[in-house]
1. So how many residues does segment 97-131 have that are surrounded by fewer than 18 Cβ atoms within 10 Å (Cβ to Cβ), at pLDDT below 95 and in a loop (DSSP other than H, G, I, E, B)?
2. May I ask you to say which residue of 303, 273 is outside any helix (DSSP H, G or I) and surrounded by fewer than 19 Cβ atoms within 10 Å (Cβ to Cβ)?
3. If I filter segment 356-369 for residues that are outside the structural domain of residue 559 (by TED's automatic domain parsing), without any contact (Cβ under 8 Å) to a residue 12 or more places away in the chain and either under 21 Å from residue 117 (Cβ atoms) or out of contact with any helix residue (DSSP H, G or I) (no Cβ under 8 Å at 6 or more places or on another chain) (or both), do I get at least one hit?
4. Here is a list: 135, 170, 202, 174. Which entry is part of a helix (DSSP H, G or I), under 22 Å from the mean Cα position of the chain (by Cα) and under 21 Å from residue 117 (Cβ atoms)?
5. Considering 407, 417, which residue is crowded, with 22+ Cβ neighbours inside 10 Å, in contact with a helix residue (DSSP H, G or I) (Cβ under 8 Å, 6 or more places away or on another chain) and under 19 Å from residue 271 (Cβ atoms)?
6. Of all the residues that make up segment 380-396, how many are farther than 20 Å from residue 338 by Cβ and surrounded by fewer than 18 Cβ atoms within 10 Å (Cβ to Cβ)?
7. Is at least one residue of segment 377-394 touching a residue at least 40 places away in the same chain (Cβ under 8 Å) and in contact with a strand residue (DSSP E or B) (Cβ under 8 Å, 6 or more places away or on another chain)?
8. Quick one: in segment 177-199, which of the residues that are assigned to a strand (DSSP E or B) and more than 24 Å from the chain's Cα centre (by Cα) is surrounded by the fewest Cβ atoms within 10 Å (Cβ to Cβ)?
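The values are calculated or read from the model by the stated rules, or taken from the named source; none is laboratory data. Note that the structure is predicted; figures quoted are calculated from it, not measured. Cβ placement follows ideal geometry from the backbone for every residue including glycine, while neighbour counts extend to all protein chains displayed.
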């Protein structure tokens, strides 16, 4: 997203109707939002709410609220709700970005951190790895961190913003929060924009919706025959490998870069659940999506190193943007689960096993091990789930944004939610995974049209991955199939070099913004900012080494432009034809082993 700042803030502030604590002091008297101390051209305040709404005069929490006043013809106020649960909305949504002014013209745009996240009295169970231990660490107050409380907090923020009706933009879990608010306060909702929808009483507790979505996501990655050279059915390959790995997991040590100038060895364990985790990661991480079909196929053929490499790259990713205590508390307080509020922990495993057995026909070829989802995570949470949220949804404009390779919040769930509204519409973004907003100019134009009262399209043009899906890497230079009309070692070296360069790009996308990537065999790729790669003896194929520099063009959406690589690399290695190759205008050409070579890149 763009980070451009406003030149001048229009308007004089927002009236606050609740007790507010200004960021710079401890006063609790009503006041206007004030300029933020550390965010240019944005207003800030703290809104006080009770920890327990049944005891409104008891312990209070302070919710951090930010707002950017409207420009142009006033239309109202829209509140941006982040996902997780556990993400801090004021961090996820940079209100200084031109994106929000562009998407919501005339709206005052606001965000606040849900209780327990960001600057809203952050919750913690640091160092705890299970829901049971996290619940014990939080203590009795854990029951006050569900969606029910978030809905009441949201209404407090609405009143603090001084508006009778509010538009809501929810992202992932934020869609569930927005829908729950619409059930509880239907007369306060002006419109709903829902991106990557979680149903109000979802997600599905056994994770069956995600299992169903994996084959469709892989088909989207491999569209137009992108994987036909090595797989007839990537979804079936994935299911077969997942079942194999659950029975016989992989164990490996892989080099990764974290900080410093050298690699460290990372232990990798890949069982069936870990492979499902890679599929889920692929809907947000383009690098994982590009590599996953080939990594699965190579592992099925007895060459798991690419899959192990991919798992190590994903293991480098930080989850620091999600508060794990809030994630556990909200997920486990909400449910739904195969057990009820008063069910003792000791009786829950049998109920879960019964639910899994009943769902066997819905597992789409996966073994029973694949069912469990959040129900398995919350099995030993100290309290049971709250009763289901009920109410009557308002008759307001609703637009659902959905990517066709979204695994964690599948398209079919969003379509079902949109169908519940008389004025509900779905915009499908082909080629997009989790989070469709800002994925293409078409999506952004459609949102603006809808906000302005127009009719958005039902479907946008496909958003291509930065690279096409990777083909399995050859086990050696000698095993590569010659390309470019040149036989022998030069043609094989050219094929191996293209595969390694493509894999390096995908790996860099997988770890961005970490910047450094270790080759599968040896060497280093070092990313410079976002548009240049430095290769130092980089190798994904034994006997091959690549050094040099490639640069890229970037789009207005801050992504690498496919096919924009330019630069020169040297090629060497004990088993390769040495020489130099130039990359330009979708071609790679030069001299290898004294012969002229050229191929599409």
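1. Here is the first cut: in segment 97-131, the ones surrounded by fewer than 18 Cβ atoms within 10 Å (Cβ to Cβ) are 98, 102, 105-106, 122, 124, 126-130.
Right, trim to at pLDDT below 95 and you get 98, 102, 105-106, 124, 126-130.
Filter again for in a loop (DSSP other than H, G, I, E, B), leaving 105-106, 124, 126-130.
Summing the residues that are surrounded by fewer than 18 Cβ atoms within 10 Å (Cβ to Cβ), at pLDDT below 95 and in a loop (DSSP other than H, G, I, E, B) in segment 97-131 gives 8.
2. 303
3. So far as segment 356-369 goes, yes, one or more of its residues are outside the structural domain of residue 559 (by TED's automatic domain parsing), without any contact (Cβ under 8 Å) to a residue 12 or more places away in the chain and either under 21 Å from residue 117 (Cβ atoms) or out of contact with any helix residue (DSSP H, G or I) (no Cβ under 8 Å at 6 or more places or on another chain) (or both).
4. 174
5. Answer to the selection: 407.
6. 3
7. Taking every residue of segment 377-394 in turn, at least one turns out to be touching a residue at least 40 places away in the same chain (Cβ under 8 Å) and in contact with a strand residue (DSSP E or B) (Cβ under 8 Å, 6 or more places away or on another chain).
8. Kept after step one, since they are assigned to a strand (DSSP E or B), are these residues of segment 177-199: 189-195.
In the following step, the residues that additionally are more than 24 Å from the chain's Cα centre (by Cα) were identified as 189-191.
Working: 189: 24, 190: 18, 191: 21.
Once the filter is applied, the top-ranked residue is 190.
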